[in-house]
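The values are calculated or read from the model by the stated rules, or taken from the named source; none is laboratory data. Remember, it's a predicted structure, so these values are computed and weren't measured experimentally. These area figures cover heavy atoms from the full protein model, side chains too; ligands, DNA and RNA do not enter into them. Shrake-Rupley method; radii C 1.70, N 1.55, O 1.52, S 1.80 Å.
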Amino acid sequence: MFSKLMKKLRRMVPVIVLAAAVPAISCSNDLFGLVSAGDSSERESYRNVFVFPAEAERNISLGSSYSFVVLTDVHITGTNAWKLEQLGPILEENNDAFMVITGDITQSGERQELERFIEIAGTFPVPCFPVIGNHDVYFGNWEVWKELIGSSIYRIDAGDTTLIVLDSANASFGANQLDWLEGQLAAAGKNTFVFTHTNLFTDGSDCLQQITDIRERARFMALLENRCTAMFSGHVHRRILREAGGVRYVTLEDFRSEGTYCRVRVSPEGVSYEFRTITADNPAS
């Protein structure tokens, strides 16, 4: 009787270990989506091709002082955008210049979800620049992103400001993308902001929920050192603030459950960051 029980427990160990590992290795605890995010090689080579936003929206004009908004992890489900549409009046009231969503805009990358995002973004008074996340390429849906959005790696220039969007949907950048980044940074503006989905740092509770390749992280941070103003990410669903090599690293909590966004203010005196929360009953400016 005892020996049979021990055999049964031994058979259960791999299942128990896998179940325990799921929260640590995936965004929104979705193991299947993590391992099916797709091959990144095509995405790495498909750069600076735009479908959304349109060219007129990409040609933004920025003065010496301006502000913009960053948020992450909306996880649009079906047509439910979790208060995203409430940001339009806030952007207009604060005269923000543009907005960026750092990945996991959709829950499963389905066409309906991405079309809902485009529909809402079209009502905003400012351009909205999307970043691809692991959820956005679930179930082979990179082709949907490619058709409706375009590249997952691109650059926007506006005067002395450069915006660089990177693809870390597979929890890595890859050597080719980092080679491209190196060239972009060499000719970037005074204020350069980098946006990607997967975070570089954790708070210690989810050590695998980040870019885990130590050499890749080291090279990436070395490239950004003293050549980037700030880098923004999401994925881990919590706020983590770090500073290294003259770069501010901002990981934001998810917009879906927290309604949080960051407003970045740029002026000749420097760059500042403020965090706001929007709820259905208490919109925040």
* Using a/c under 1.5 as the rounded threshold, could you call the stretch 111-261 rounded, prolate or oblate? The axes a ≥ b ≥ c are square roots of the C-alpha gyration tensor eigenvalues, and prolate needs a/b larger than b/c, oblate otherwise. => rounded
* Asked: Once amide H atoms are placed 1.01 Å from N in the peptide plane, what residues at a sequence separation of 5 or more from VAL100, or on another chain, have their amide H within under 5 Å of its amide H?
  -> VAL69, VAL70, LEU71, PHE129
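Antiparallel as a % of all DSSP beta bridges within the stretch 203-281, to the nearest 5?
On the way: 13 of 17 bridges.
Looking only at bridges with both residues in the stretch 203-281, the antiparallel portion is about 75 percent.
Taking all protein chains together and a probe of 1.4 Å, list TYR46, TYR138, TYR66 from the most accessible to the least accessible.
Numbers: TYR46 60, TYR138 0, TYR66 25 Å².
Most to least solvent-accessible, the answer reads TYR46, TYR66, TYR138.
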